[in-house]
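S.K.: The structure is given below, and queries will be raised subsequently.
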Amino acid sequence: MTTAEFFVLAHPFLRSAFGAGTAIAVASGLVGYVVVLRGQVFAGDALSHVAFTGALAALAFGVDLRLGLYGGCVAFALLLAVLGRRSEVDDTVVGSVFAWVLGLGALFLSLFTTSSTGTGGSGGTTGVNVLFGSILGLSGSEARVDELVSAAVAVGLVAMARPLVFATLDRAVARSRGVPVRALSTGFLVLLGVTAGVATQAVGALLLLGLLAAPAGAAQRLTARPFLALWLSAGIAVGSMWVGLTVAYLVPSVPPSFGILGVATAVYLSTFAWTAWARRPRLTASDRRVARAEVEPSVGPRATP
C-alpha cells in the first residue's frame with residue numbers, strides 16, 4: 001500500500017478508527033482538563049477499573065459489552081456524586097467505592113470464567129481488548145456509535161463549561177451567585193463516566209487515565225487561561241490519537257494504545273522543557289550593553305584604526 005493510499009484512508013477499518021478516535025480524543029481532552037482542574041484524577045483512575053468490571057459483568061450475563069461499559073461507569077459516577085460531601089468527591093469516597101467495585105469485578109470474573117469453561121468462546125480475547133483497547137478492530141457501526149456518544153459528551157461539556165469552571169475555581173462564590181454547584185458536579189461526573197466507557201474502546205481500561213490526564217496536564221502547563229487550555233487539551237489529545245494510530249498502522253508491532261499514550265506522554269514531558277525555556281531570564285539591549293562594558297576591559301585595550 002502506498003503512502004498516498006494511506007493518507008486518503010482507503011481501508012474501511014482506518015476510516016472507522018480515525019473517525020471514532022478523533023471524536024473520543026476531543027471528548028477525553030475536554031473532560032480530562034476539567035478532571036485535572038478539579039483534582040479528581042483519582043476518580044478517573046477508578047473509572048478505568050470500573051469499565052473493566054462493567055465489561056466483565058456484561059460478558060458474565062451475556063449482554064452487549066457497551067451496556068456494561070457505559071452502565072457501570074455511569075452508575076459508579078452517580079454513586080460518587082451521591083456519597084460526595086459538599087458537592088465534591090473526596091478520595092475517601094472514591095477509595096471506598098473503588099474497593100467495592102474491584103470486589104464485584106472478582107465476582108464477575110469468576111462467573112464469566114465458570115460460564116465460559118469448555119465453550120471455546122472468545123471471552124479471553126474480549127477481556128484483553130477491554131484492558132488494552134481495540135480501536136483498529138472497530139466496525140463501521142461501532143465507530144458511529146462511539147462518534148455519536150463522544151460528540152454528545154463534548155457538546156454537554158462545552159454547554160456547562162463556563163459555570164463548571166467557575167464553580168471549580170471558587171465554589172463558595174459560585175454558590176453565592178446562584179450557580180447550581182451540586183447539579184454541575186453530578187452532571188460532570190456522569191459525563192466523565194460516559195467518557196470512560198467510550199474511551200475504553202480506544203486505549204483500554206488500563207491506559208484510560210493517560211488519555212484523560214496527559215493532554216490536560218500539558219495544556220495546564222502551557223497556559224493559565226482555562227478556556228484556552230480546555231481546547232488546547234482537546235487538540236493535544238486529537239494530535240496524539242492521529243500520530244499514535246499512524247505509527248500503529250505503519251509499524252504493526254506497536255499497539256495502538258501504546259502509540260497514542262506514548263505521544264501524549266511525550267508532549268506532556270516536553271512541556272517541562274518549554275516552560276523552563278520560557279521562564280528563562282532574558283537580557284534587554286541595555287543589559288547587554290552594560291554586560292559588554294563590564295567584560296571589555298578584561299580583554300585588553302580596543303585596537304585603534
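S.K.: Only residues that are crowded, with 19+ Cβ neighbours inside 10 Å and in a helix (DSSP H, G or I): list them for segment 239-257, please.
M.R.: Scanning segment 239-257 gives 240, 241, 244, 245, 248, 249, 256, 257.
S.K.: Now for a different question. Check whether at least one residue in segment 230-238 is surrounded by 19 or more Cβ atoms within 10 Å (Cβ to Cβ), of a type outside the set (S, T, N, Q) and under 17 Å from residue 40 (Cα atoms), and report yes or no.
M.R.: Yes; the residues of segment 230-238 include at least one that is surrounded by 19 or more Cβ atoms within 10 Å (Cβ to Cβ), of a type outside the set (S, T, N, Q) and under 17 Å from residue 40 (Cα atoms).
S.K.: If you don't mind, there's one more thing I want to ask. So, residue 142, is that one more than 17 Å from the chain's Cα centre (by Cα), of a type in the set (D, E, K, R) and closer than 30 Å to residue 11 by Cβ or not?
M.R.: When the stated conditions are applied, residue 142 passes them.
S.K.: Next question, about the same structure. Looking at segment 200-214, is at least one residue in contact (Cβ under 8 Å) with a residue 60 or more places away in the chain and either acidic (Asp, Glu) or in contact with a Lys or Arg (Cβ under 9 Å, 6 or more places away or on another chain) (or both)?
M.R.: The answer is yes; a qualifying residue exists.
S.K.: Then there is this: Answer yes or no: is there a residue in segment 204-213 that is open to solvent by less than 10 Å² (accessible area, probe 1.4 Å) and not aliphatic (A, V, I, L, M).
M.R.: For segment 204-213, residues open to solvent by less than 10 Å² (accessible area, probe 1.4 Å) and not aliphatic (A, V, I, L, M): present.
S.K.: Scanning for something closer than 25 Å to residue 159 by Cβ, in a helix (DSSP H, G or I) and small (Gly, Ala, Ser), does segment 53-68 turn up at least one residue?
M.R.: no
S.K.: OK, next. Based on what the data block shows, is residue 211 assigned to a loop (DSSP other than H, G, I, E, B), closer than 25 Å to residue 46 by Cα and in contact with a Leu (Cβ under 9 Å, 6 or more places away or on another chain)? First the steps, then the outcome.
M.R.: Details: assigned to a loop (DSSP other than H, G, I, E, B): no; closer than 25 Å to residue 46 by Cα: yes; in contact with a Leu (Cβ under 9 Å, 6 or more places away or on another chain): yes.
It is false that residue 211 is assigned to a loop (DSSP other than H, G, I, E, B), closer than 25 Å to residue 46 by Cα and in contact with a Leu (Cβ under 9 Å, 6 or more places away or on another chain).
S.K.: Could you tell me which residue of segment 258-272 is farthest from residue 201 (Cα to Cα), considering only residues that are open to solvent by less than 30 Å² (accessible area, probe 1.4 Å) and among the small types (Gly, Ala, Ser)?
M.R.: 264
S.K.: Separate question: Among the listed residues 8, 26, 41, 31, identify the single one that is farther than 18 Å from residue 207 by Cα and either at pLDDT below 90 or surrounded by 15 or more Cβ atoms within 10 Å (Cβ to Cβ) (or both).
M.R.: 8
S.K.: Test residue 36 against the stated conditions and say whether it is at pLDDT 85 or above and of a type outside the set (Phe, Trp, Tyr).
M.R.: Taking the combined requirement at face value, the residue satisfies it.
S.K.: Is segment 75-90 home to any residue that is within 19 Å of residue 209 (Cα to Cα), of a type in the set (D, E, K, R) and in a helix (DSSP H, G or I)?
M.R.: The answer is no, given that none of the residues of segment 75-90 is within 19 Å of residue 209 (Cα to Cα), of a type in the set (D, E, K, R) and in a helix (DSSP H, G or I).
S.K.: Quick check on my filter: what residues within segment 188-203 are farther than 17 Å from residue 259 by Cα and open to solvent by less than 10 Å² (accessible area, probe 1.4 Å)?
M.R.: Hits for segment 188-203 are 188, 189, 192, 193, 195, 196, 197, 198.
S.K.: Ok, one more. Failed condition for residue 296, given (1) open to solvent by less than 50 Å² (accessible area, probe 1.4 Å); (2) part of a helix (DSSP H, G or I); (3) at pLDDT below 85, with all others met?
M.R.: Single failed check for residue 296: (1).
S.K.: Say we look at segment 124-162 and pick out the residues that are modelled with pLDDT under 90 and of a type in the set (Asp, Glu); which of these is least open to solvent (accessible area, probe 1.4 Å)?
M.R.: 146
S.K.: Now for a separate question. Consider segment 36-54. How many of its residues are of a type in the set (Gly, Ala, Ser) and more than 24 Å from residue 229 (Cα to Cα)?
M.R.: 3
The values are calculated or read from the model by the stated rules, or taken from the named source; none is laboratory data. It should be emphasised that the depicted structure is a prediction, and the values quoted were computed from it without experimental measurement. Glycine also receives a Cβ, built like all others from the backbone with ideal geometry; neighbour counts cover every protein chain displayed. Heads up: the accessible areas ignore ligands, DNA and RNA and are worked out on the full protein's heavy atoms, side chains in. Shrake-Rupley method; radii C 1.70, N 1.55, O 1.52, S 1.80 Å.
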